[in-house]
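What follows is a short report on a single structure.
The values are calculated or read from the model by the stated rules, or taken from the named source; none is laboratory data. Please read these numbers as outputs of a predicted model, since none were measured by experiment. Heads up, the Cβs are rebuilt from the backbone with ideal geometry, glycines too, and the neighbour counts pull from every protein chain shown. Accessible surface areas use protein heavy atoms only, side chains included; no ligands, DNA or RNA. Shrake-Rupley method; radii C 1.70, N 1.55, O 1.52, S 1.80 Å.
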Amino acid sequence: MKLKHVARLRAGGTPDTSDEAMWTDDATEGIPWVAIGDMSGTRLVAGTNKLVSLSGASSKGLPVGQAGTVLFAMYASVGAVSALGVKATWNQALLGLEASDLADQRFLAYWLEHYAPQAVAQARSATQANLNADQVANFPFPDLSLEEQRRIAAFLDDRVDRIDRIIAARRQQIQHVKECLQAERRHEVLGLRDGQVATPLPWATHVGAGRPLRRLFQVTRIGTGHTPSRSVPEYWENCTIPWLTTADVHKFRYDQIDVIDQTELQISELGLANSAAVLHPANTVALSRTASAGFPVILGKDMATSQDYFTWTCGPEIIPAYLLETLRVMRSYLLKYLATGSTHKTIYFPDLQDLEVPLPSLGAQQAAVERVRHASSVALSAEKLLTNQIARLSEYKSSLITAAATGELDVTTASRRIPGE
């Protein structure tokens, strides 16, 4: 059969966003309005970021679905499927489906999940990567009795719920691993196992004994970078000098690497000579201070940077790797108290010039770095293992839904065992 023979399909819409009367913050009067973001990562939409007013819903003739209505994404995240957990309406990127007496609502949702990859393929074959209501209406639907649909849905409700709970547990474990690593990094950088003394530092109330505070400008040479004039074409010819820009932040945003050797962009010697850009020596520590602010990295070779970075070239009293780990410990403080701006956060030079850090002996710095690196290696291995488990569980869930929905798996005799449970 076709989907339109077993379900009522209704497209949504968006009231005028510039008219405040179309929207409301009053949950007692407004209607939850589902957008793609409200469906992300959930099988059941229990709440939304926005509410439309009654006049807003009326202005667009928006459909209102009861709890259980299935939502299918026709563009943006094509093929995403969720069900309403509350009475709500939805935007034009979504299609609401209400089963007739020929289909079970829960089975309908599972069937669409199974069919999603083929729906995505249809969207990609069109001029734009999206679908329309007519295409969805003509999706195939299996000619199964209601009893069989309900039996399959009940089977999948049990198995999918158990798989989702295992996946949620693995994600919590990943978060715990990250928190443990951050705690270990903080203890090593601050020397908190060596007896504690109070400090005036806003980001560390205590440090270990024997760790005097020093301002970074006293033990490093501070600097920044620049962008050669784009209006002079000659400055952008024969570009061979590595140039660290915001295009590189994604490489070390999650502390994946300590040292960067290759950059997305380069500048020329002529551009360097005719601008305020500086060629920083290898082992200089750079910190992103605009857009994606607060992320440090060590330059693996002589390298220039854009003005979006603040740099510290370490003197003989401080090890670059120790400064790197210290800046990572300081990140939450840098972002919460020093970064300003509503859209793009920026940390300004005077605030970074005045940073103060605990500075133990070189031997203690090196020992702290080695212990953090060991902890990082252990954490990375654990996170990789858990991430792989989540990927395999997600693949297993998709294959299970497909096998059950298409009849490849006899749900009356299927094993109850879930891998990893």
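Tabulated data for the structure shown
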| item | result |
| --- | --- |
| Modelled FRET efficiency - R0 30 Å, Arg124 with Glu237, Cβ distances, 0.05 increments | 0.20 |
| Loop-located GluC sites (Glu not before Pro) in the range 194-295, at most 15 other Cβ atoms within 10 Å (DSSP) | Glu237, Glu264 |
| Cut-off under 5 Å, modelled amide H: who pairs with Thr220 long-range | Gly315 |
| Estimated inter-spin distance, Ala291 and Val219, nm [label 7 Å along Cα→Cβ] | 3.2 |
| Where N is the number of residues in the range 278-403, Cα Rg divided by 2.2 N^0.38 Å | 1.39 |
| Qualifying trypsin sites (Lys or Arg not before Pro) in the range 220-265, DSSP loop, other Cβ atoms within 10 Å at most 16 | Arg230, Arg253 |
| Distance violations [Cα-Cα > 32 Å] among Lys2/Lys60; Lys87/Lys384; Lys60/Lys397 | Lys87/Lys384; Lys60/Lys397 |
| Separation of alpha-carbon centers, the range 361-380 and the range 278-322, rounded to whole Å | 20 |
| Virtual paramagnetic centre 7 Å along Cα→Cβ of Thr199, amide N under 16 Å, in the range 218-242 | 218-220 |
| Ordering of 10-16, 299-305 by packing [mean C-beta count within 10 Å, highest first] | 299-305, 10-16 |
| Thr263 long-range amide H proximity, modeled H, under 5 Å | Trp243 |
| Extension gain from His344 to Asp26, taking 0.36 nm per residue of separation minus the Cα-Cα distance | 111.5 nm |
| Charge tally in the Cβ shell below 13 Å around Gly56, where Lys, Arg are +1 and Asp, Glu are -1, Gly56 excluded | -4 |
| 1.4 Å probe accessible area per residue over the chain, in Å² | 49 |
| Three principal axis lengths of the chain [C-alpha, angstrom, descending] | 78, 54, 47 |
| Potential lengthening between Lys301 and Arg162 on full extension [0.36 nm per residue; Cα-Cα distance subtracted] | 45.1 nm |
| Label-point separation, Cys180 to Glu383 (7 Å along Cα→Cβ), nm | 1.4 |
| For the range 127-248, convex hull of alpha carbons as volume per residue, Å³ | 328 |
| Distance from the range 201-265 to the range 128-185 (C-alpha centre basis), Å | 41 |
| Mean residue ellipticity (222 nm) of the chain, computed from DSSP H runs ≥ 4 via -39,500 (n - 2.57), nearest 500 | -12500 deg cm²/dmol |
| Mean Cα-pair separation over length for the range 1-142, i.e. relative contact order, pairs under 8 Å, 6 or more apart, % | 31 |
| All lysines inside 27 Å of Lys345 as judged from Cα atoms, apart from same-chain residues fewer than 8 positions distant | Lys50, Lys178, Lys251, Lys336 |
| Computed lengthening from Tyr75 to Asp410, 0.36 nm per intervening residue step minus Cα-Cα distance | 117.3 nm |
| Trypsin sites (Lys or Arg not before Pro) within the range 320-421, DSSP loop, no more than 11 other Cβ atoms inside 10 Å | Arg416, Arg417 |
| Using alpha carbons only: equivalent-ellipsoid semi-axes of the range 1-44, gyration tensor based, whole Å | 27, 15, 11 |
| Leu146-Arg43 pseudo-label distance in nm [points 7 Å out on the Cα-to-Cβ vector] | 2.3 |
| Carbon plus sulfur fraction of accessible area for the chain, probe 1.4 Å, in percent | 51 |
